[in-house]
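The values are calculated or read from the model by the stated rules, or taken from the named source; none is laboratory data. Predicted model, so just to flag it, every value in this text is computed and none were measured. Methodologically, a virtual Cβ is constructed for each residue, glycine included, from the backbone with ideal geometry; neighbour enumeration extends over all protein chains shown. The area values use the complete protein model at the heavy-atom level, side chains included, leaving out ligands, DNA and RNA. Shrake-Rupley method; radii C 1.70, N 1.55, O 1.52, S 1.80 Å.
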Protein chains: 4
Amino acid sequence: MCRWLAYSGSPVLIQELLYRPKHSLIVQSLHSQLGAEETNGDGFGVGWYGAQPMPAVFRSIEPAWNDRNLREIAGHITSGLVFAHIRASTGSPVQQTNCHPFRHDRWLWMHNGLIHDLLKLKRDLVLAIDPALYPAIEGTTDSEIIFHLALTFGLEDDPPTAVARAIGLIEDVGHRHGVEYPMQGTIATTNGESLWAFRYSSEHNSRSLFFSTDVRLLREQHPEIEILQLVSDETRLVVSEPLGDLAGAWNEVPESSYGVVQPGQDDLRPFTPRAPSHPH
Amino acid sequence: MCRWLAYSGSPVLIQELLYRPKHSLIVQSLHSQLGAEETNGDGFGVGWYGAQPMPAVFRSIEPAWNDRNLREIAGHITSGLVFAHIRASTGSPVQQTNCHPFRHDRWLWMHNGLIHDLLKLKRDLVLAIDPALYPAIEGTTDSEIIFHLALTFGLEDDPPTAVARAIGLIEDVGHRHGVEYPMQGTIATTNGESLWAFRYSSEHNSRSLFFSTDVRLLREQHPEIEILQLVSDETRLVVSEPLGDLAGAWNEVPESSYGVVQPGQDDLRPFTPRAPSHPH
Amino acid sequence: MCRWLAYSGSPVLIQELLYRPKHSLIVQSLHSQLGAEETNGDGFGVGWYGAQPMPAVFRSIEPAWNDRNLREIAGHITSGLVFAHIRASTGSPVQQTNCHPFRHDRWLWMHNGLIHDLLKLKRDLVLAIDPALYPAIEGTTDSEIIFHLALTFGLEDDPPTAVARAIGLIEDVGHRHGVEYPMQGTIATTNGESLWAFRYSSEHNSRSLFFSTDVRLLREQHPEIEILQLVSDETRLVVSEPLGDLAGAWNEVPESSYGVVQPGQDDLRPFTPRAPSHPH
Amino acid sequence: MCRWLAYSGSPVLIQELLYRPKHSLIVQSLHSQLGAEETNGDGFGVGWYGAQPMPAVFRSIEPAWNDRNLREIAGHITSGLVFAHIRASTGSPVQQTNCHPFRHDRWLWMHNGLIHDLLKLKRDLVLAIDPALYPAIEGTTDSEIIFHLALTFGLEDDPPTAVARAIGLIEDVGHRHGVEYPMQGTIATTNGESLWAFRYSSEHNSRSLFFSTDVRLLREQHPEIEILQLVSDETRLVVSEPLGDLAGAWNEVPESSYGVVQPGQDDLRPFTPRAPSHPH
C-alpha cells in the first residue's frame, strides 16, 4: 500500500509538505499507521509545477527516508501544486518507471491501491488503450495502465467521466475473468490548475482518503497557528493518511466519492464507474 | 549497440571470461572498437547455469566496468555455460528489467541490435505474443519482445524455426507500417545444454558475430598456451566482437546465418526469416 | 539497528538461511520485533566462502526485501560459512562501502550497534589504526573503524584479545571525550574456519544475540524435522534475533560474553574490554 | 579524468548549460575529446544557488547521459550560479559521497585531476585537516581532502591563499613520501557570489581549463547570436573543455594560474603553491 499527498495553494518549499508535519509523508514511509503494508520503501516520486508548462517529475527507487537528493530538491524548490508518492510494491519491479506520479503532457497521476489479479486482466486492459498512447507506457504497474485508460477515455476533457469509464472497463474485464472485486484504491490527477481525487473500490471498502479543512475555518479555530495566516484561502491538501494532529484539520472523503480542488469553490461528489455501453 | 559473449565448455571462473582477455567484455564496455555506439554504460547482465535446473541471472543498471558486485560474483562462481551482456540503450529506460540476458524457465536470451521504429510496431508485435506469455514481459525493450515472440513460435522445441518465424513476423509487421528494414542484430539463446547464435538483419548488413576456432585446432597451432591444454575439446565462445588477439582464434559468422554449439559436432547454417503464412 | 546472521556448518543454499525460516532475515528487514529501529531498509550484504581462499562479498544499497539479485545469488550459491547483514543506518550515508560484512584478506566482520557520539571520537579512533591499514578504510561507519582497530590489535592472531583491546580503546577515547557509554553492539567475525561472536555494551545492556542449540540435541527433541537429519553435528547459527519458532532451538548469549564456533567443541566465555595499558 | 563547468551570470535554465551546446557536458560524458579517460560514467553532480542561502546539490552514481532525474531538474530549475561535474573515477568507489561538487556551508568545490599516490599520502593529509572539520568528510576522494585542507587554511576568508597553502602542503607531504609530482588538476570553488578557478599541477603540465570571452566582446563579434543579447555583461563560463564551437568564445587559462569571476572586473593571476613555513 502506497501513500500519497497532493497540495494545491500558495507556493511552498516542498520540504514543508514532505518533512515538516509530525506524521509527514517521509515518516509514514518508515512506519505506516493505517496502511496494509507497514513499510513504503519501494521507491518514491515527486511531481511539481513551476515556470514551465510541463510539470517536473523526480523519481527514485531508493527508500524516501534516506534519499539525499529528495531532501535537496525539497529544500530548494517552491511550488503551488505538488504531488508526492511513496511506494510499497504489490509485485511489480522496483524501478523508476514504476514510480508515481506518472506524467502525460501537462497531466500528473498517482494511485494507492491495485487491480486485483492484474496479470489475468492486463492484456485485455492494455488492448483497450488507444494505440497512439500505447507506446508511451514505460513501466509495468496497474496504476500506469489505469492512467492510460483514463487518457483513452478523455481524461484531458472530462476527468470524472474518463476515470468512471476507465474503472468501469476494469470492472467489466475483471468480472469476465472471474475477478469479483477488480478495482481498489484512491487516485489523484491534475492538469496543473485543478486537482481531482477519487476514492473507490469494487468492494466498497476503499483505502483511506482525506482532505484538509477550508483554510478560512481553520484560521478561526486556530488563530495561534502562523502558517494559516500566510497561506491563501484556497490552499488545500488531499492525502492518503492525515498528516499532523491539528484538531479539525482533516475530513475523510466518503466511500465512492471524488473531490475537485479548483479555482473558486471546491467540490465533493459521488463516484460511480461507468460500464462499457457495448459488450467489450 | 550492445556487446555480448556466450561461453559453453569446461567450467571456468566467470572472471576468466569477463576480465582476463586483453579486449575483454568489460574493457569493451568502456571503449568499443567495432561498435556503433562507443560506450556501453547502460547496464549489464550475466546469466549462468550451476547446480540448479534454472539458470541464475544477475543484472545491474550501473556501468559494468566499476561494478564491484559483478567482480565479486565473477571471481567466485564457476560455470560451464555463461551468457554476459553489456548494454548501450537505444532509447528504452536504463532499468534492470531491460538488461539482458532475459530468462524464461530454463532458457536465456540476449540480443545486440534493435527493431527499427519499435514504437510504431510495438503494439502489433505484443499482440502476436501468446496471451499466456504476455504477463511475463517485465521490461520495455525490443529484445524482450523478440524473445517472447520466439517463445510463442516454439523456441523450446525448435529454436531455429521459432526465431525464423519471430523475425519473419517482425519484418511482416514492419513492412505493413512502412519500415523498410525492421530487424537488426545478433541473438544468442540457450536451454543450458545447447546454444544457438543468430546473425541477421533485414538489410543484410548485420552487426558482427564471431565464434572461436575448434580447441583441437588451436592447441596444435598454439602448443605454448596452457589454457588450451586444460579446456575440453568442445569448449566454444560466441561473441559480438573478438576477445584477445590470438591468431586464428576467431571466425566471423557469415551474414544471415546461425550456429549451434551442442554436445557432439557443432553446426553452422544459413538463416532465413519465415514470413507468416497467412496475412497477419 | 541492524540485523545479522552467521552460519557455519554443512554447505547450504544461501536462500535456505535468508528466505526460508518463518521470521527470516529478509522478513525481519521489513518488520523487526526486537529491534530499536523498525525497518532495516538501508542496504544489506552477504559474505560467503567457496572454492577461493578469499570470501566473496555482495553488498547493495537497495532494501533487501525486494532485491532481485540477492534472490538470484541466494538461490544459486551453496556455502558452509555465510555472513548476512541488513542495515538500518544510524546516520552514515547509505552506500555500498558502508554495508556489512566488511572484508580484510580472509576475514569478514559485521556489527549491530554503534559507537555513541562517533563524530566526537572518530578522529582519535582513526589515528589509532595502523597507518598501513588506514588507506583500506573505504566507508564512513563506526563498524568499519572497530574492524580496523581490531585488525590493528591482532585480530588475525587472537580475535578475543584484539576485540577486547579495540573496545577498550573505544571506551578510553570515549571517556576522555565525556561519552559515558561509548560502545554498543554485537559483532561477528570469521577467518573462514572459526567464527567469533561478541555481545557487549559499555552500559551492560547490549543488543540481543542468540546461538542455535547443538544439532545432536535438537535431533533428539525434534526427530520429525528432516533438515536436522541432514546437517552435520557441528552446524551452528548465530543471529541477532531468533529465526523461526522451533522450541528449544535458540539460546541467548549472556551479556558481556563471546562465543567461538570452531572445529571440535564450541566455546562460550565472558568478555571484558582491555583498556590501553598506557594513557593514550 | 573528470569534466566540469562553472557558470556565473544571468539566471538560466540549467539544461541550457548541460544539454544545449553542441559539445555539451553531457555529450562529453560519453565521448571526451581532450581528456585522459575517454568515458565519464562514474557519477555526476550539479550544485546551484537559488532562493536559499545554502546551495542545493544533486548527485548521482548513474552515468549522466541517461539520467532522467538530471534531465528533469535541469529542465525546471533556473539559477545564476551553477556548478556541474561528471566523474571518471581514478580508483575510489562510485558512490554519491564521492561525487562533486562538495559543499561546506555556503561553499561549493569541484576538481578535475588527482593526488598521485593518494593512498601513501592520505593519512598525513587527513591529519592536517582541522579536527573540527574532519568529521564532515563523507567520501574517500582526494578532491574532498583538498577541499577540507583549503577550508582548514582559510578558504572562506582568502581562497587563493588557502588553496596555495593546501596544495603546498600536498606537495610537501608528497615529496617527503617520494612522490615527485603530487598534485594535478583544475579546481573551481564559489561562495555563491564570486567564483575562483585554479589550474595547477606539480609537473606544470596541467589538465585544461578555459573561460568564456567577455560577453560585450562576443556580442560585437557575433551580433546574430540572440542569446548574447539576452545575458548580462558579467555572464561567464569556466570549463574543463570548450563547449560548442563559437569562434573566439574560449580562452585557455595559462598553466599555473587562477581566475576570479566576481561582481565588477574579473581577474586572472599566476598561482604558486605555498609550502608549509615550518617542517611539517
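For residues that are in contact (Cβ under 8 Å) with a residue 12 or more places away in the chain and assigned to a loop (DSSP other than H, G, I, E, B), scanning just segment A:265-275, find the one that is most open to solvent (accessible area, probe 1.4 Å). Only one residue fits best here, namely A:Arg274.
The residues listed here are A:Phe58, A:Phe102, A:Phe44; of these, the one that is of a type in the set (Phe, Trp, Tyr), more than 8 Å from every other protein chain (Cβ to nearest Cβ) and farther than 20 Å from A:Ser194 by Cβ is A:Phe44.
For the subset of segment C:105-119 comprising residues that are within 13 Å of another protein chain (Cβ to nearest Cβ) and touching a Gly at 6+ places or on another chain (Cβ under 8 Å), which member is farthest from B:Val57 (Cα to Cα)? Per the criteria, the residue is C:Asp117.
Within segment A:86-116, restricting attention to residues that are part of a loop (DSSP other than H, G, I, E, B) and at positive phi, the residue that is farthest from the chain's Cα centre (by Cα) is A:Gly91. Exactly one residue out of A:Val253, A:Val239, A:Val173 is touching a helix residue (DSSP H, G or I) at 6+ places or on another chain (Cβ under 6 Å) and under 26 Å from A:Ala88 (Cα atoms), and it is A:Val173.
For residues that are open to solvent by less than 20 Å² (accessible area, probe 1.4 Å) and in contact with a helix residue (DSSP H, G or I) (Cβ under 8 Å, 6 or more places away or on another chain), tally how many sit in segment D:99-112. Count: 6. Among the residues making up segment A:63-72, those that are more than 7 Å from every other protein chain (Cβ to nearest Cβ), open to solvent by less than 50 Å² (accessible area, probe 1.4 Å) and over 18 Å from the mean Cα position of the chain (by Cα) are A:Trp65, A:Asp67, A:Leu70. The selection criterion, being at positive phi, surrounded by 18 or more Cβ atoms within 10 Å (Cβ to Cβ) and in a strand (DSSP E or B), does not hold for A:Gly45. Number of residues in segment A:76-98 that are under 30 Å from A:Val231 (Cα atoms) and either within 13 Å of chain D (Cβ to nearest Cβ) or surrounded by fewer than 23 Cβ atoms within 10 Å (Cβ to Cβ) (or both): the value is 7. Criterion applied to A:Leu108, A:Leu114, A:Leu121, A:Leu125 was being out of contact with any strand residue (DSSP E or B) (no Cβ under 7 Å at 6 or more places or on another chain) and among the hydrophobic types (A, V, I, L, M, F, W, C), and the one residue passing it is A:Leu125. Exactly one residue out of A:Leu237, A:Leu228, A:Leu243 is in a helix (DSSP H, G or I) and surrounded by 15 or more Cβ atoms within 10 Å (Cβ to Cβ), and it is A:Leu228. In segment D:176-188 there is at least one residue matching the filter, namely being among the β-branched types (Val, Ile, Thr) and outside any loop (DSSP other than H, G, I, E, B). Residue count for segment A:148-163, restricted to those that are within 17 Å of the chain's Cα centre (by Cα) and on the phi > 0 side of the Ramachandran plot: 0. Of the candidates A:Ile129, A:Ile146, the single residue that is of a type in the set (Val, Ile, Thr), more than 14 Å from chain B (Cβ to nearest Cβ) and in contact (Cβ under 8 Å) with a residue 12 or more places away in the chain is A:Ile146. Looking only at residues of segment A:132-173 that are acidic (Asp, Glu) and open to solvent by 20 Å² or more (accessible area, probe 1.4 Å), we find that the one that is nearest to A:His100 (Cα to Cα) is A:Glu138.
Could you please let me know if B:Ile129 is within 13 Å of B:Ile145 (Cβ to Cβ) and either surrounded by 23 or more Cβ atoms within 10 Å (Cβ to Cβ) or among the hydrophobic types (A, V, I, L, M, F, W, C) (or both)? When the stated conditions are applied, B:Ile129 passes them. Would you call B:Glu220 open to solvent by less than 40 Å² (accessible area, probe 1.4 Å), in a helix (DSSP H, G or I) and not hydroxyl-bearing (Ser, Thr, Tyr)? It is false that B:Glu220 is open to solvent by less than 40 Å² (accessible area, probe 1.4 Å), in a helix (DSSP H, G or I) and not hydroxyl-bearing (Ser, Thr, Tyr). Apart from one condition, A:Glu252 fits all of (1) surrounded by fewer than 14 Cβ atoms within 10 Å (Cβ to Cβ); (2) over 17 Å from the mean Cα position of the chain (by Cα); (3) closer than 14 Å to A:Arg199 by Cβ; the exception is (2). In summary, D:Arg176 fulfils each of the numbered conditions (1) under 21 Å from D:Val260 (Cβ atoms); (2) touching a residue at least 12 places away in the same chain (Cβ under 8 Å); (3) open to solvent by 20 Å² or more (accessible area, probe 1.4 Å) with the single exception of condition (1).
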